[in-house]
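Only one structure is covered here, and it is reproduced in the block below.
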Amino acid sequence: MTQYLDTIVVGGGAMGSAAAYELARRGIEVALFERFTPGHRQGASHGASRNFNLSYPDPVYLRMLAEALPAWRELEAETGTRLLEQVGIVNHGHLPEFDRVARSLPGFGFEAEVLDAVEAGRRWPGIRFDGRVLHTPQAGRLDADAAVAAFQNAARAQGADVHHLARVTSIRILGDELARIEVQRTDARGEPLGEPEAYESRRLVVTLGAWTTRLLGRPLVLPHLTVTQEQPAHFAERDGGASIWPGFNHAPRPDDASYGYWRSPVYGMQTPGEGIKAGWHGSGPITDPDARTFTSEPRQLAALRRYVREWLPGADPDAFTEISCTYTTTRDGNFVIDRVGPVAVGAGFSGHGFKFTPVVGRYLADLTEGVRAPAQFSLRAERRTPEPSRS
Ligand SMILES: Cc1cc2nc3c(=O)[nH]c(=O)nc-3n(C[C@H](O)[C@H](O)[C@H](O)COP(=O)(O)OP(=O)(O)OC[C@H]3O[C@@H](n4cnc5c(N)ncnc54)[C@H](O)[C@@H]3O)c2cc1C
C-alpha cells in the first residue's frame, strides 16, 4: 500500500538533514530517508572538521556565508551544541584574487587582515608561509559529525520523521505535484528487511551526494557530476596539541617547478584530538560510491606527506591517519540547487559545501515553495571549467 506524505527528503547527509530541519520548522509534514546508520562514514559529511572558510571572491557565496554564520549559531542554541570554532583561517601562495577578496570581505561583515610571511610565521610557527597571507579571524572549523546530528535532532524536535537504514531504490516523477519513491529497509550490513515500501509526495527533496546521478539521472537531466574518492590525512602535532592552529589554504605557484609534485591547492585545519588535517582538493581517483576502496592512492599520499614535510613544520609527516571521503564535483565548482516539477535537488557541492549547509537547507525548502535559488546553481546554468578553487 502506498503511503502519502506532503514532503519527502532522500539522503540524510549534511544537505538533506538541513533541508528536513528547515521544512519541519516551517510546520511542513516531512520525512527523511537515509540509507546508512547515524554518523556513517560512506559519504561526504562525516568527520570532526570542515573549514568555515570566508575567502571567496564571488559575492553570491559571500552573501551565503553572511547568512550561514548566524544560522550556525542559531542551530547551536536550539540544540545546545557547539559546532563552529572561529579559530581563523590563513590563505597564502598563488592567489590571483587576493586583493579583491581582502577588499570585499568587510562589505559582508567579515574582517580581513593582510600579513607578511614573517609576521604570520611568528603567530603560527607550525605553518611555513608562502608570501603574503590573508587572515580572516571570523573563519574557523565546523564539526561535521556533530552538525549532521544536530540538524537531524532539531528536525525531529520540530516534528520530522527521520528514518535510517532506509534505502531509496527508485525515484519517479508522476506529475507537477506528485513524486513516488520505493524504499527498502535494511539491517546495518545493508541486507534487505521486509518488503519494499512505496511513498508518494507533493514535494521531493533529493540530496544524495555521490549517488545523485545513479538515482536521479533518469527522471532529471543533470549537469555532469564527477565522483571522486578524496584522501586527506591527519598528521600528528609535534607539540602534542598544545597550540591552536588556524585553518589554512595554500595555492601552488604555477610558474615554479618546486610545486611540481602538487596535485592541487592544499587545505587543512586542526582537528582536536586527531591532529592536523591536510588534503589535496578534488584530485582523488574517480570512483563508484558503491564500490569504493577506502584506501589512499599511494603516490598522492606520498606527495601529501612531502607537502607536510616542506610546509607544515608543526606536523609530523611520518605519523598520520588516512581519511576517505567522496567529492561530487560539477564542471565549474558551482552547486546544483534547483527544482523541476515536484523535485528539488541539491547536489554537486564540489568539496566546498559544508560551510553553507544551513543556507542550502533554506534554499531547498524555499524551492519547494516556488522560491528560486541563485541562477548560477540552476540545472540549466552554463558550466565551464574554471581555475581550481579552494575548500
Ligand atoms: C575530505 C573532504 C573534505 C571537505 N572539506 C570541506 C571543508 O573544509 N569545508 C567545506 O565547506 N566543505 C568541505 N567538504 C565538502 C562537504 O563535506 C560536502 O560538500 C558536504 O558534506 C556534502 O553533503 P551532501 O549532503 O551533499 O552529501 P552526503 O553527505 O554524501 O549525503 C548524501 C547522503 O545520501 C545517502 N544516500 C545515498 N544513497 C541513498 C539511497 N539510495 N537512499 C537513501 N539515502 C541514500 C548517503 O548515505 C548520504 O548520507 C569536504 C568534503 C570532503 C569529502
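The values are calculated or read from the model by the stated rules, or taken from the named source; none is laboratory data. Worth saying up front: this structure is predicted, and the values here are computed from it rather than measured. Heads up, the Cβs are rebuilt from the backbone with ideal geometry, glycines too, and the neighbour counts pull from every protein chain shown. Keep in mind that these areas ignore ligands, DNA and RNA; they rest on the heavy atoms of the full protein, side chains included. Shrake-Rupley method; radii C 1.70, N 1.55, O 1.52, S 1.80 Å.
Tabulated data for the structure shown
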item	result
Set GLY93, GLY121, GLY109: member being away from the ligand (no atom under 16 Å from the Cβ) and touching a strand residue (DSSP E or B) at 6+ places or on another chain (Cβ under 7 Å)	GLY93
Tally of residues being polar (S, T, N, Q) and without any contact (Cβ under 8 Å) to a residue 60 or more places away in the chain across segment 36-61	0
Residue check, ARG63 away from the ligand (no atom under 13 Å from the Cβ), open to solvent by 10 Å² or more (accessible area, probe 1.4 Å) and either under 27 Å from THR213 (Cα atoms) or part of a helix (DSSP H, G or I) (or both)	yes
Those residues of segment 134-161 which are aliphatic (A, V, I, L, M), touching a Pro at 6+ places or on another chain (Cβ under 9 Å) and away from the ligand (no atom under 11 Å from the Cβ), in sequence order	ALA149
Of the criteria (1) part of a helix (DSSP H, G or I); (2) within 10 Å of the ligand (Cβ to nearest atom); (3) not small (Gly, Ala, Ser), which one GLN42 fails	(1)
Any hit, segment 201-210, residues being open to solvent by 40 Å² or more (accessible area, probe 1.4 Å) and farther than 18 Å from ASP338 by Cα	no
All positions within segment 1-35 that are farther than 14 Å from VAL168 by Cβ, outside any helix (DSSP H, G or I), open to solvent by 10 Å² or more (accessible area, probe 1.4 Å) and among the hydrophobic types (A, V, I, L, M, F, W, C)	MET1, ILE28
Unmet criterion (only one of (1) within 9 Å of the ligand (Cβ to nearest atom); (2) touching a strand residue (DSSP E or B) at 6+ places or on another chain (Cβ under 7 Å)) for ARG185	(1)
Residue match in segment 280-291 (condition: among the β-branched types (Val, Ile, Thr) and assigned to a strand (DSSP E or B))	yes
Verdict on ASP290 being more than 27 Å from ARG202 (Cα to Cα) and either surrounded by fewer than 17 Cβ atoms within 10 Å (Cβ to Cβ) or not hydroxyl-bearing (Ser, Thr, Tyr) (or both)	yes
Residue list for segment 116-144, filter: part of a helix (DSSP H, G or I) and out of contact with any Asp or Glu (no Cβ under 9 Å at 6 or more places or on another chain)	VAL118, GLU119, ALA120, GLY121, ARG122, ARG123, ALA144
Answer from THR357, THR328 - the residue that is within 11 Å of the ligand (Cβ to nearest atom), β-branched (Val, Ile, Thr) and in contact with a Leu (Cβ under 6 Å, 6 or more places away or on another chain)	THR328
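Let's see how each residue does on (1) at pLDDT 95 or above; (2) assigned to a strand (DSSP E or B); (3) closer than 27 Å to ASP6 by Cα:
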position: TYR327; (1), (2), (3): yes, yes, no
position: ASN334; (1), (2), (3): yes, no, no
position: ASP338; (1), (2), (3): yes, yes, yes
position: ALA344; (1), (2), (3): yes, yes, yes
position: PHE349; (1), (2), (3): yes, no, yes
position: LYS355; (1), (2), (3): yes, no, no
position: VAL360; (1), (2), (3): yes, no, yes
position: ASP366; (1), (2), (3): yes, no, yes
position: VAL371; (1), (2), (3): yes, no, yes
